[in-house]
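What follows is a set of notes on a single structure, which appears directly below.
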Amino acid sequence: MKPRLLRIIRRTAFFGCCALGGFYAGQWFWSETPPAEPVAATRPLVEELPDFTLTDLDGQERNIREWSGQPLLLNFWATWCAPCLREMPLLQTLHQESPGGLQVIGIAVDRAPAVESFIGEAGVTYPILIGQQQAIAAAESFGPEFIALPFSILIAADGAVIGMEAGELEAEELRSLAGLITELSAGRLTAEAAREKFPGS
């Protein structure tokens, strides 16, 4: 890991814990009804890429369908989430290698100024989309209720949703995801077969 990125991670980890606690406390305080029980287990992942629009680092609205025709790895993250920051160098490497034409897209559940400042220092070059409640809504449009960060969703070039990986991605997991995309792109796997081989399925 680059020393500069490691310093950023250490610096933000403490503030991230505080922000995460404050976020959920605020969600509870302002809610008009008691929080619902988690329903991720009873709401399956959708089979097709949903339609949503978020802003990019330049403040321009970008629709996720702009990347239609490419396999995608959507990574939901935040600047205050230490595991999110730890996996970013691996995602950057994956973006540079682009196995099977895979496009990494980061979706920050965060405030734009914090994201812009972090990305400027971290040297991440894959596309970043930003939102707060809008990004949470985008995450939940895939089916399971938004619970915690980070998590990533693998999507085939034809828009078929292959699977969701919750938690910090490790190098071996990313190799598995890249392998699935390579097989899909070569026509050696169908979307259904790729779902069955998806890590954790």
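Every number in this text was worked out from the coordinates using simple rules, so none of it is lab data. As the structure is a computational prediction, the values presented were derived from the model and not from experiment. Don't worry about glycine lacking a Cβ; one is built from the backbone with ideal geometry, like all the others, and counts go over all protein chains shown.
Quick look at the values:
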read-out: Radius 11 Å from Cβ of I105, net charge of other residues (Lys, Arg +1; Asp, Glu -1); value: -1
read-out: Segment A166-Q133, extension gain: residue separation times 0.36 nm, minus the distance between their alpha carbons; value: 9.9 nm
read-out: Net charge of Cβ neighbours under 11 Å - reference E87; Lys, Arg +1; Asp, Glu -1; value: -3
read-out: Furthest towards positive pole of dipole, G131, G187, F118, structure part the range 56-201, Cβ charges; value: G187
read-out: Calculated from backbone phi, Karplus (6.51, -1.76, 1.60) coupling profile of the range 95-108 in Hz, x at Gly/Pro; value: 4, 5, 7, 6, x, x, x, 5, 10, 7, 10, x, 10, 8
read-out: Phi to ³J(HN,Hα) by Karplus 6.51 cos²θ - 1.76 cosθ + 1.60 over the range 110-126, Hz, x for Gly, Pro; value: 6, 7, 4, x, 5, 5, 4, 5, 5, 4, x, 8, 7, x, 6, 10, 6
